[in-house]
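Below is one structure, written out as structure tokens; the observations come after it.
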Amino acid sequence: MNDHFQDFIQTGLARSAPQWLLLVFLYVEHHEDNGHGRTLSLTPLMMTHQRLLQALSFDAVVAEADHLDDRWEFLLLGCMDDAPEARVRERLREIARQLATGADLSDFLILDRQEHPIVMGTQ
């Protein structure tokens with residue numbers, strides 16, 4: 001798996017089939033556990049998709065996202081082969097469910113605001 005934004009984009013552009021780029025902007029929710037501890041969860045703040053037709057810059061994606069809502073802390077990136085938009089939207093909902101249930105996210109690239117890769121572990 002690529003661990004840099006540009007490598008991820010270039011890999012998607014190099015695929016033989018047209019690709020959708022899936023972008024999920026996440027924020028961290030803090031949960032108190034009846035005063036006995038605290039847990040964290042990643043929650044989708046914004047989800048979008050676009051056809052992967054040209055190289056994008058991380059800075060441009062960040063600037064656009066910040067214009068809409070600057071509370072996000074992490075960016076989850078995925079690609080999927082060309083499909084009808086309804087299927088792409090369903091895939092984004094599936095990703096949200098994966099996040100909610102703590103499922104394996106190793107198929108995705110997750111970056112922080114400084115473009116550092118994040119490795120998510122499961123309990």
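The values are calculated or read from the model by the stated rules, or taken from the named source; none is laboratory data. Keep in mind it's a predicted model, so treat the numbers as computed, not measured. Cβ placement follows ideal geometry from the backbone for every residue including glycine, while neighbour counts extend to all protein chains displayed. Side chains are part of the model used for accessible areas, which takes the heavy atoms of the whole protein and leaves out ligands, DNA and RNA. Shrake-Rupley method; radii C 1.70, N 1.55, O 1.52, S 1.80 Å.
For the chain, just run the numbers: alpha carbon Rg, then divide by 2.2 N^0.38 Å, N being how many residues it has.
Compared with the compact-globule rule of thumb, the chain sits at 1.09.
Using 7 Å Cα-to-Cβ label points, what is the Ile118/Ala60 separation (nm, one decimal)?
Here the answer is 2.4 nm between the modelled labels.
With the chain treated as a Gaussian network of Cα nodes joined by springs under 10 Å, which of Ala86, Ala65, Ala96 yields the largest mean-square fluctuation?
So, out of Ala86, Ala65, Ala96, the one fluctuating most is Ala86.
Taking trypsin sites (Lys or Arg not before Pro) as candidate sites, keep only those in a DSSP loop with at most 15 other Cβ atoms within 10 Å, then name the longest stretch of the chain containing none of them. Present the calculation step by step, with values, prior to reporting the outcome.
Numbers: sites that count: Arg15, Arg71, Arg113.
The longest uninterrupted stretch comes out as 16-70.
At a probe radius of 1.4 Å, what is the per-residue accessible area of Asp7, in Å² to the nearest 10?
70 Å²
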